[in-house]
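Data first, discussion second: the structure below is written as structure tokens.
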Amino acid sequence: MADLSGNLLYAAFFLYLIATFIFGGSIKDKKGAEEKKQNNWAKLGITLTILGFAAQVGYFITRWIAAGHAPVSNLFEFTTFFGMMMVGAFILIYFLYKTPVLGLFALPIALLIIAYASLFPTEISPLIPALQSDWLHIHVTTAAAGQSILAISFIAAIIYLVKSVEQTKASKRTFFLEIIMYTLVSTLALVIVSSTFSMMDYKASFDWVDKKDMAAKQEYTLPALVGPHEGVMIEKGQFQPLVEMPAIINAKKLNTVIWSIGAGLVLYGLIRLISRKRVAALIKPLVKNVNLNLLDEISYRSVLIGFPVFTLGALIFAMIWAQIAWTRFWGWDPKEVWALITWLFYAAFLHLRMSKGWQGEKSAWLAVIGFAIMIFNLIFVNLVIAGLHSYA
């Protein structure tokens, strides 16, 4: 059952990848008799996307059966589910607005998220006592569904900004848009680097002394640019750390961050060197025919749909489960705090949109910031800040 689950996830991944290229073909500037051909390309793209989504739902169900519980209990499972729900949200929005260019951006970002999930341990493990509740799948799946719909707002906003931001001269707008592009490129670079070392079966283990002055072991899957406190490498012949970190710093996680930044700079630099353009300018021709007002509406509607779903899953259901599990509705745990910050931000987004008339580019930048807050929660809060939700 576990093998079948993995095969279905691979099938979904490749179907999404193929659909991305199909959507790319559907947005070419065609006129007259060729318009029907465009529609056929788009129909093929959404059909493959639905097939991929069905395969990923099959992965989710078979893993659930194999594990005996909803597969959302660790970062691999949650992040994979988040990517799946993002595709599901895209399919829903697509049938509402029939906008193929959305698929050209939504599917690669979903693919990046699923590929990022693969960096975490994929083995099925039993639930810890704190997670042995029906509220696991009620709270987590609803919260992820809300986040995925909100992510479509970000995707529509990115397309809006790529189209609307003038690329012929440098400005604050081009700088911040390029920061977003670099972040996406660095995620791709980390996936490539991690996959390469994984195929090489690279491992470097350390005996080290943690912040409690206790002997511990730590295993790296990337060459250790920074090593743990008083670390001694067990294997011979592996790359030796350039610097040793104090015990209060998680050297392994810092090492991953450094690799992500460094590999991202290399890949981004190569793209800029070859194209001699900003990345946003490079992809701008893909969005030349899009309707900015339609993208603005899609971004806004996605928040209108996603915000109440997120409220239900990430706050209301979470507080009910917290009361059952910990006898209190709220405890200022880092994940709880960041869920509240996310909720307050999108509440402010809707207020500014409806009361202050923040439409168009202002609204697009807000959608980008909102997604950055969610990704910060997914990566930094989950991995770095210790709390009751640290199950990675």
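The values are calculated or read from the model by the stated rules, or taken from the named source; none is laboratory data. For clarity, every value in this text was computed on a predicted model and none was experimentally measured. Heads up, the Cβs are rebuilt from the backbone with ideal geometry, glycines too, and the neighbour counts pull from every protein chain shown. Remember, those area values only see protein heavy atoms, side chains included, never the ligands or the DNA or RNA. Shrake-Rupley method; radii C 1.70, N 1.55, O 1.52, S 1.80 Å.
Points to keep in mind about this one:
- Rounded to the nearest 20 debye, dipole of region 207-321 from Cβ charges on Lys, Arg, Asp, Glu: 740
- Size of charge dipole - the chain - debye, nearest 20, with Cβ of Lys, Arg +1 and Asp, Glu -1, no other charges: 1640
- The portion of the accessible surface of the chain made up by carbon and sulfur, rounded to a whole percent, is 67 (1.4 Å probe; DNA, RNA and ligands excluded).
- Gyration tensor (alpha-carbon) shape descriptor, the chain, a/c threshold 1.5: prolate
- Residues whose amide H lies under 5 Å from that of His69, counting only those 5 or more places away or on a different chain, are absent; hydrogens are built 1.01 Å from N in the peptide plane.
- Helix runs (DSSP H) in the chain reaching 15 Å along axis by Cα, Kyte-Doolittle at least -1.0: 2-26, 34-67, 75-97, 100-117, 135-164, 172-199, 251-275, 292-310, 334-355, 361-376
- Mean residue ellipticity at 222 nm, helices only, the chain: -22500 deg cm²/dmol; runs of at least 4 DSSP H residues each add -39,500 (n - 2.57), and the sum is divided by the number of residues.
- Distant-in-sequence amide H partners of Gly227 (H built 1.01 Å from N, under 5 Å): Leu242, Val243, Glu244, Met245
- 1.4 Å probe accessible area per residue over the chain, in Å²: 49
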